[in-house]
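A quick write-up on the structure given underneath.
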Amino acid sequence: MSDRITDTIATALGRHSIERSLRIGGGERKEWWNCIECDWVSEIFEIGSVSGESLQRDHHAAVIVAALKAQRIAVVELPQDVIIPTGWGDDCLGAWPTTSETDPVSAWPGHQVVTPDDRWMPSRDARSLEAALLAAADAAEAVSGG
């Protein structure tokens, strides 16, 4: 993880923590949580019916994602489903479908990645291509509304 990513996350987390507020009386026993840094306020709950830790975790996750997006840092969930296509040999480290299982991206020894159009490239070039594709997708979605 780069220093820029670490700093972005640390700054976001350092500013946001939540406080518990209570309203007791008139037959009510309610609680809610709010962030001391921003205008986030939880729903109102019966006292003890929700964990402040889980609310803070969820709020922190949202704050981190927003801070990373504001810095144009992409958060990507990598695919879990790896396939080993029949006949590719024992050297194939795995393949991940792109648009169909007949069109995968594959990994090979020596830091090599192969694109669906059979282009071999070093893994560092694949990461640069990934970043460029994500930037282009982000720009296209911003104009098209997602």
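A few points about this structure:
- Taking only alpha carbon atoms, the chain gives an Rg to Rh ratio of 1.17, where Rh is the Kirkwood radius.
- Heavy-atom accessible surface of the chain, averaged per residue, reaches 71 Å², computed with a 1.4 Å probe.
- Two-site label geometry, W88 and T6: point separation in nm, points 7 Å out along Cα→Cβ: 3.4 nm
- Mean separation of Cα contacts under 8 Å, 6 or more apart, over the residue count of the chain: relative contact order %: 12 percent
- Membrane-span-like helices in the chain, defined purely by DSSP H runs whose alpha carbon atoms cover 20 Å or more axially and whose average Kyte-Doolittle hydropathy reaches 0.0, are 52-70, 123-144.
- For the chain, the mean residue ellipticity at 222 nm estimated from helices alone is -12500 deg cm²/dmol, where every DSSP H run of n ≥ 4 contributes -39500 (n - 2.57) and the total is divided by all residues, rounded to the nearest 500.
- Note on the range 1-77: with neighbouring protein chains present and a 1.4 Å probe, carbon and sulfur make up 50 percent of its accessible heavy-atom surface.
The values are calculated or read from the model by the stated rules, or taken from the named source; none is laboratory data. None of the values given here were measured: they were computed from a predicted structure. A quick note on method: Cβ atoms are made from the backbone with ideal geometry, for glycine too, and the neighbour counts reach across all protein chains shown. For accessibility, only protein heavy atoms count, side chains too; no ligands or nucleic acids. Shrake-Rupley method; radii C 1.70, N 1.55, O 1.52, S 1.80 Å.
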